[in-house]
1. With axes computed from alpha carbons, what is the tilt in degrees of helix 99-117 against the longest principal axis of the chain, rounded to the nearest 10 within 0 to 90?
2. Within 10 Å, count the other beta carbons around each residue, average over each peptide in 456-468, 230-242, 698-710, and list them highest first.
3. Would the stretch 597-708 count as rounded, prolate or oblate if I go by the C-alpha gyration tensor, calling it rounded below 1.5 in a/c and otherwise prolate when a/b exceeds b/c, oblate otherwise?
4. To check you understand DSSP bridge types, tell me what percent of the beta bridges within the chain (both residues inside) are antiparallel, rounded to 5.
5. Which cross-chain or sequence-distant (5 or more) residues have an amide H under 5 Å from the amide H of Val659, H modelled 1.01 Å from N in plane?
6. What are the aspartates and glutamates whose alpha-carbon lies under 13 Å from the alpha-carbon of Lys448, with same-chain residues fewer than 8 places away excluded?
7. I'd like the distance separating the alpha-carbon centroids of the stretch 410-486 and the stretch 32-65, in whole Å.
8. Given the peptides 120-126, 534-540, arrange them by the average over their residues of other C-beta atoms within 10 Å, most packed first.
Amino acid sequence: MTDLEKRIKAKIPGPDTGIEIRRTMCDICSPGMHCGINAYVKDGKVIKIEGMDGHPSNDGRLCSKGLANREYIYREDRIKTPLKRVGKRGEGKFEPISWDEAYAEIAEQLNKCKKDYGPESVAFYSGYSKWYRQILRRLAYAFGSPNYGCESSACYTAAFMAWKVAAGEQADGDWDHSDLFLGWAFNPFYSSYMQARHAMELKEKGLKFIIVDTRRTPATEKLADLFLQPKSGTDGALAHAIANVLIERGWIDKPYIDEYVYGFEEYAQYVKGFNESNIEEITGVPYAQVVQAAEMIHENPKMSFNESSAPICHHRNGLQNYRAITALLAITGNFDRIGGQILTPHTYMHVACGFPTREEEYLYETKPKNTKLPIGAGRFPLWDYLEGEMQSMDLSRQILEGTPYPVKGVFALGLNVRMFPESKKMFEALRNLEFYVDTDLFMTDAAKYADIVLPACSSFERGEFKPYRGGLAWYTNSAIEPIGEARSDVQICTELARVMDLPDESLKQGYDYFIQHYILDDYHVKVEDLKKVELPVKIAEVTPYVPMQDLKKGLKTPTGKFELKSAIIEQHPEWGLDALPTYKEPLDDADPEKYPFVFTSGSRIPNALHSRLHKVPRNRSLRPNPTADMNALDCEKIGVKEGDKIEISTERGAITVKVKPTMTVPEGLVNLFHGYSEADAESIMDENHLDPYSGFPAYRSTRCMVRKKEEA
């Protein structure tokens with residue numbers, strides 16, 4: 001072997017090897033991390049990837065998901081050309097067509113829906129990724145439909161709503177300066193992995209941790225000074241019990257409360273109902289541990305907590321649970337203070353980077369007026385009041401029932417049916433549409449139902465604007481040419497707007513126009529200059545934090561205070577919602593005798609995110625079979641051992657999976673990792689088991705029965 005051959009085999013970049021390093025980002029778990037990637041490219045193909053040194057998200061590191069990018073983008077089932085359905089919906093039979101033919105068909109059919117039923121009859125939906133959502137929203141509004149929605153109908157937004165109700169906007173923990181970190185559902189070792197490293201560093205410096213989780217996780221073992229393990233969905237009751245101890249013992253900041261907190265007296269009276277007499281029965285947490293948690297909060301006065309929206313909010317009492325936890329900050333004086341929780345207004349795409357932009361203006365300036373209410377508005381009035389977009393968890397019902405008006409078309413980017421509870425209803429809804437378009441990288445189960453399927457680019461094949469904390473920003477360039485005829489999501493939306501000649505000139509100008517004129521102009525930065533930098537650079541100065549400044553000038557709530565009792569809800573009794581963060585039983589109404597276990601899904605695993613990466617062989621090998629974790633004592637009772645098959649059944653159906661006996665989950669809980677098409681966790685969940693405040697599905701609190709599955 002020659003020296004050159006050795007260098008090529010070792011993937012060493014240089015003119016002689018023809019290998020060069022190109023910068024891009026990982027978009028698998030958007031929009032939070034967006035880690036920097038060095039892509040080693042030879043002959044137009046990625047041959048190796050590694051983390052990018054100096055990048056603010058990952059500084060040279062990549063998780064198991066990020067390391068799968070090369071296999072991910074070159075999966076054999078990549079869609080490489082626009083496709084038109086020639087078989088029955090769901091069969092997956094398509095024929096290639098040109099982009100011009102695809103756009104013409106989409107324009108004709110969407111306009112037909114508008115003509116026959118009105119613009120609101122077409123819903124515009126975004127799954128993963130999230131980077132194009134401003135453009136998709138503008139497309140929906142330019143078409144005249146109020147029905148823009150996304151997978152955030154089941155991810156993150158409920159927590160944002162809870163913050164809006166309490167404080168006007170979101171707040172993040174200043175844990176670098178905290179004495180105590182309340183890690184409620186905190187498991188960064190499997191998600192947001194760089195937080196795990198930082199948490200370990202802070203622990204070494206003396207930061208105390210209370211970890212609250214239904215399962216034992218690496219965080220409970222490596223970080224917890226106190227581990228509280230409540231029953232699934234009882235977080236609100238546990239928070240109230242801790243609050244009651246703090247109030248009874250005078251371990252609260254009464255002067256702070258008197259000046260900056262609304263509704264304390266009624267709240268204090270309410271939480272008296274969560275005490276030594278009932279809290280262990282409700283939550284499974286011994287009262288002595290509740291007292292211990294309160295003592296730790298008292299002894300460590302600067303407290304912040306984890307912003308973990310999914311596990312806390314994926315219950316029918318989820319938003320109220322989240323409000324109950326934030327209340328602990330208010331009564332101890334830990335909101336808008338160093339070491340507590342600090343307001344972090346969003347810069348762009350729900351990421352707080354420390355500088356304002358005009359993203360909101362771009363999102364809403366063309367919102368159609370005098371239209372019908374978006375899907376889910378009547379059913380989830382608080383969602384509609386705070387978010388004003390379609391609550392997508394109500395989409396299948398409205399398609400199938402046609403009330404309060406018909407929905408006949410769906411234009412989707414990355415729709416994943418297996419994110420919807422009782423997913424067979426969504427498959428049925430897609431089958432009943434007059435016209436359905438899906439855009440994706442791969443031929444998913446949802447795409448098989450589409451009339452037109454469009455091929456999207458991965459983050460390696462397109463550029464994207466991305467800001468980071470500290471006033472940093474970046475605009476990536478494509479590392480490789482699009483695979484096949486794939487196009488970026490924003491290109492698809494803007495080109496379709498031009499073909500349809502929709503009345504939105506800014507939209508038709510494209511993505512770079514939006515970034516330049518609504519994001520960068522105020523900072524005298526040009527898109528073309530930002531594209532030339534190899535790492536995120538500082539484009540804006542971040543205003544230094546001034547403690548108590550937001551409270552003193554008044555929060556963006558009706559009272560200007562932190563609201564333990566929501567004035568918004570209080571002013572709308574017709575909604576039938578509680579202004580206090582009341583606690584309700586989380587489980588569905590199935591017979592507990594017939595369904596004695598609690599079924600939960602949605603926990604993170606290191607090798608996949610939702611359905612992503614389950615078809616990447618290397619990642620799939622880490623957990624090849626859909627497997628439920630059950631307590632070893634429960635397994636013994638029903639007579640199963642590791643690898644045996646069990647049937648999990650609810651009132652909505654049954655699935656068969658393998659079982660893993662473990663002591664990481666408590667007795668009575670069945671934890672199934674989701675995203676496996678052959679064992680769809682959401683398929684046996686009730687589509688109506690939703691939070692009336694947010695519309696979020698109760699992924700983590702469904703009654704079920706488990707039995708050993710005998711081989712036929």
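1. So the helix axis and the longest Cα principal axis differ by about 50 degrees.
2. Packing proxy ranking, top to bottom: 230-242, 456-468, 698-710.
3. It comes out oblate by the Cα gyration axes.
4. 55
5. Ala628, Gly643, Asp644, Ile646
6. Asp77, Glu91, Glu95, Glu428, Asp438, Asp440
7. When both Cα centres are located, 22 Å separates them.
8. Those peptides, ordered most packed to least, come out 120-126, 534-540.
Here, each number is a calculation from the coordinates, and none is a lab measurement. The model shown is predicted, which means the values in this text are computed figures rather than measured ones. Virtual Cβ from ideal backbone geometry, glycine too; neighbours counted across all protein chains shown.
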